[in-house]
Amino acid sequence: MERINHHWVVINGSPRRGMNSDRLIETLFQTHAFKDSEKSVFKLSNLNISPCSGCTLCIDTKKCVKPDDFHMIIDAIKKHQRMILISPAYHYNVTGQMKTFIDRLFSQHAFASEGYHSRLGNDVKAILLGVCAGDTEGMGYTLDAMKHPLEDLNVTILQSYMYLGTKHLPVSANKKLLVELERVFCRIDTRE
Ligand SMILES: Cc1cc2nc3c(=O)[nH]c(=O)nc-3n(C[C@H](O)[C@H](O)[C@H](O)COP(=O)(O)O)c2cc1C
């Protein structure tokens, strides 16, 4: 069987354009593991995604009833089964944009009456990236805030990576980053 490179659905929680998170994604896709892969980037701050209102109608309707851009991200995840979530630390946690996206994932749980499963699919794999100005303490819960909700949806976390210290060494000035990412992500199989 011919092996094809995965298409990655990138969900970017940084509201800033062209800064550390955007550049980290660009550099990741220059690594050997990813350079032949395709990607669809969803910059959450550019999209219209409202917060979960807790109506829980999705339990019966089997999808979120809010008609906004959330659905195009979900469709892409269901289609490609590979995702990268990236968020800066904002007060030791993900940004509000990322939290809003994660809360809306509640609609992707099928509960007991249907037999528990994830509506995202059976083979979803994810990479998590956290970015912060400080050290690991400053990163706080950022990676866990993405990891636990995804694992609850049976998503396998392939790799988590923290870019620390943007205050002293922004991604744009880090000449060793590509080498570092090559080392960290060398075992990721981006082909099926
Ligand atoms: C509202 C706000 C809260 C922040 N909270 C933290 C924090 O808790 N820990 C930390 O290390 N950096 C914190 N930062 C710094 C950002 O994580 C850092 O500047 C990061 O590089 C931003 O990512 P970006 O360049 O992709 O936007 C905060 C920045 C803002 C604007």
Would you work out the relative contact order for region 2-58, in percent, from Cα pairs under 8 angstrom that are 6 or more residues apart? 48 percent
Point-charge dipole on Cβ atoms (K/R +1, D/E -1) for region 1-64, about Cα centre, debye to 20: 180 debye
Springs between alpha-carbon atoms under 10 Å, Gaussian network over the chain: tell me which of 71, 168, 91 tops the mean-square fluctuations. 168
Selection from 59, 33, 116 lying farthest towards where the dipole of region 31-135 points positive, charges on Cβ: 33
So, relative contact order of region 36-102 in percent, Cα under 8 Å, 6 or more apart, is 39 percent
How high is the relative contact order of region 7-185? Use alpha-carbon pairs under 8 Å, at least six apart in sequence, and give a whole percent. 26 percent
Tally Lys/Arg at +1 and Asp/Glu at -1 over every other residue whose Cβ is under 13 Å from the Cβ of residue 171; what's the total? +2
Summing +1 for each Lys or Arg and -1 for each Asp or Glu, what net charge is found among the other residues whose Cβ lies under 9 Å from the Cβ of residue 74? +3
Alpha carbon centroid spacing (whole Å) that separates region 134-192 from region 1-40: 12 Å
To the nearest 20 Debye, how big is the dipole of the chain about its Cα centre, given +1 on the beta carbon of each Lys and Arg and -1 on that of each Asp and Glu? 380 debye
Note, residue 29: beta-carbon cut-off 9 Å, +1 each Lys/Arg, -1 each Asp/Glu, net +1
For the chain, what does -39500 (n - 2.57) per DSSP helix run (n ≥ 4), summed and divided by total residues, give at 222 nm, in deg cm²/dmol to the nearest 500? -8000 deg cm²/dmol
Would you mind classifying the chain by shape? Square roots of the alpha carbon gyration tensor eigenvalues, ordered a ≥ b ≥ c; an a/c under 1.5 is rounded, otherwise it is prolate if a/b is larger than b/c and oblate if not. oblate
For the cross-link pairs 125/176; 43/63; 66/99, which exceed 20 Å when the distance is taken from alpha carbon to alpha carbon? 125/176; 43/63
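Quick note: the coordinates plus some simple rules give every number you see, no bench work behind them. Keep in mind that this is a model prediction, so the values were computed, not measured. A quick note on method: Cβ atoms are made from the backbone with ideal geometry, for glycine too, and the neighbour counts reach across all protein chains shown.
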